[in-house]
Amino acid sequence: ELPEVDEAAELPGVCVCIPARDEAMEIGPALDSWLAQDYPGLAILVVDVQQEYFDGPLRIQYPTPEIVRDTVVTAIAAARAADVPVVLIEHENPASAVAFATGSERQKLDPRLETFRDVPRFTKNKASVFTSGEFVEWLVEHDITVVTLAGFMTNNCLLASAAAAEPLDYSVEILRDA
């Protein structure tokens, strides 16, 4: 049973991280649940919805990258309709890299996400979202102290993000069914 919370008490911010690989079938219900909450400071973080997963060596096989993208676009629209901030994170490697090469067509966001020009964007060059100093500054500026990671793809970017959060004093939660 949860303790009673004083309405005037200041609650920590929450950031929901939406990884864009292998979890399209689960993102919708998880976001519906999150957006139905009456919790201040919620932000949606969309990670790596880039062309690399559509036509590069890392192409997603199931579900198709188009299903993932459409689910993410729906999530962004729902978050914006609920006045929940959205942040886009892009992975980038050196221009000579095989995947996510800076400036390459495959490193770019999917064109449907490019339409969200007013959404804050940050880049990372390691698995963890916390390697982006600018992103961490954004979290501080917006009083985000709790990061919620959603998705089945926990073996790379999400795991690395969760591990990197602790020494920075961020609380991390991973949604089991998202």
Using the Karplus curve 6.51 cos²θ - 1.76 cosθ + 1.60 with θ = phi - 60°, work out ³J(HN,Hα) for each residue of the stretch 96-111 in order, rounded to whole Hz, and write x for Gly and Pro. 8, 6, 6, 10, 6, 5, 3, x, 7, 5, 6, 7, 5, 4, 4, x
Ignoring ligands, DNA and RNA, please state the percent of accessible area on the stretch 41-125 from carbon and sulfur, probe 1.4 Å. 54 percent
Full-extension gain between H142 and T102, please, as 0.36 nm times their residue separation minus the C-alpha to C-alpha distance. 11.6 nm
What are the chymotrypsin sites (Phe, Trp or Tyr not before Pro) within the stretch 81-144 that DSSP puts in a loop, where the Cβ has at most 15 other Cβ atoms within 10 Å? none
Full extension from R59 to S171: what is 0.36 nm times the residue separation minus their Cα-Cα distance, to one decimal in nm? 37.1 nm
If DNA, RNA and ligands are ignored and the probe is 1.4 Å, what is the ranking of D70, D110, D83 by accessible area, most exposed first? D83, D70, D110
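The values are calculated or read from the model by the stated rules, or taken from the named source; none is laboratory data. Note that the structure is predicted; figures quoted are calculated from it, not measured. Note that each Cβ is placed from the backbone with ideal geometry, even for glycine, and that neighbours are counted across all protein chains shown. Calculation scope for accessible area: heavy atoms of the full protein, side chains included, ligands and nucleic acids excluded. Shrake-Rupley method; radii C 1.70, N 1.55, O 1.52, S 1.80 Å.
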